[in-house]
Amino acid sequence: MAQYFEVHPENPQPRLLKQAATLLQGGGIAAVPTDSSYALVCHLDDRDAVDRLRRIREVDDKHHLTLLCRDLSELASHAHVDNRQYRLLRLGTPGPYTFILEATKQVPRRVSHPARKTIGLRVPGHRSLQLLLELHGAPLLATTLIPAGASEPLNDPQDIRARYQKLLDAIVDAGACPLEPTTVLDLTPMGAGAGVGPTLLRAGRGSLQALGL
């Protein structure tokens with residue numbers, strides 16, 4: 001049964017988020033708010049937690065999972081980033097964008113794409129999630145909370161509680177999030193002097209104009 005943490009959307013209580021971080025460090029799965037919609041998160045290095053995350057979300061290992069990072073320096077330590085890619089990342093972080101990049105050796109192979117060795121990376125701007133990442137002390141592995149068979153993510157924590165309280169270990173309620181997922185951009189074609197721009201994989205809340213695209 002999920003523990004329910006109701007936090008202030010602008011000034012989240014560290015004591016409550018520390019409890020949620022402890023559950024994640026112990027292998028738990030949590031539903032957390034982001035600046036685009038709610039997401040499921042777990043500890044990056046916990047194999048069993050990653051397997052549970054995929055089962056709850058009903059996706060296989062070819063579905064790109066995302067690393068939620070506190071800042072660009074943390075992101076860059078988990079992905080190979082060249083100068084062109086970095087300039088684009090600076091424009092989109094923090095914010096509602098997910099960038100597909102080549103994973104470094106710090107990312108366990110079981111969580112990167114099995115064929116491409118890529119991973120989604122994101123620096124969220126949501127205050128509660130930023131504090132949770134700080135308290136956790138490392139990136140969190142995440143996937144947008146879209147129920148199986150649905151096309152839109154969940155943004156109401158009470159709805160999440162009703163549907164998933166028996167499957168999750170924690171739910172962080174910071175109020176409703178925007179009902180729109182991140183914009184997903186594959187930046188791998190930009191590398192190695194390929195001379196091509198990023199590929200839009202999903203249009204979402206993040207504006208392409210803000211990135212100069």
Tell me, yes or no, whether segment 71-91 has at least one residue that is within 15 Å of the chain's Cα centre (by Cα), closer than 25 Å to Ser151 by Cβ and either small (Gly, Ala, Ser) or part of a loop (DSSP other than H, G, I, E, B) (or both).
-> no
Matching residues in segment 31-53 (surrounded by fewer than 19 Cβ atoms within 10 Å (Cβ to Cβ) and part of a helix (DSSP H, G or I)) number 3
Positions within segment 44-70 being closer than 23 Å to Gln165 by Cα and among the acidic types (Asp, Glu), in sequence order = Asp46, Asp48, Asp51, Glu58, Asp60
Give me the pairs, please: first residue somewhere in segment 13-36 and over 12 Å from Leu168 (Cα atoms), second residue anywhere and basic (Lys, Arg) and modelled with pLDDT under 95, beta-carbon distance under 7 Å, and either six or more positions apart or on two chains.
-> Ser36/Arg205
Could you count how many residues in segment 92-113 are among the charged types (D, E, K, R) and assigned to a helix (DSSP H, G or I)?
-> 2
For Pro189: the one exception among (1) in a helix (DSSP H, G or I); (2) over 21 Å from His113 (Cβ atoms); (3) not charged (D, E, K, R) | (2)
Looking only at segment 127-184, count how many residues are modelled with pLDDT under 90 and part of a helix (DSSP H, G or I).
-> 0
Subset of segment 139-163 [closer than 19 Å to Arg52 by Cβ and surrounded by fewer than 19 Cβ atoms within 10 Å (Cβ to Cβ)] | Pro147, Ala148, Arg161, Arg163
Check off (1) part of a helix (DSSP H, G or I); (2) over 13 Å from Leu133 (Cα atoms); (3) at pLDDT 95 or above for Gly28 and give me the number that stays unchecked.
-> (1)
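The values are calculated or read from the model by the stated rules, or taken from the named source; none is laboratory data. All values derive from a computational prediction rather than experimental measurement. Positions of Cβ are generated from backbone atoms using ideal geometry, with glycine treated the same way; all protein chains shown enter the neighbour counts.
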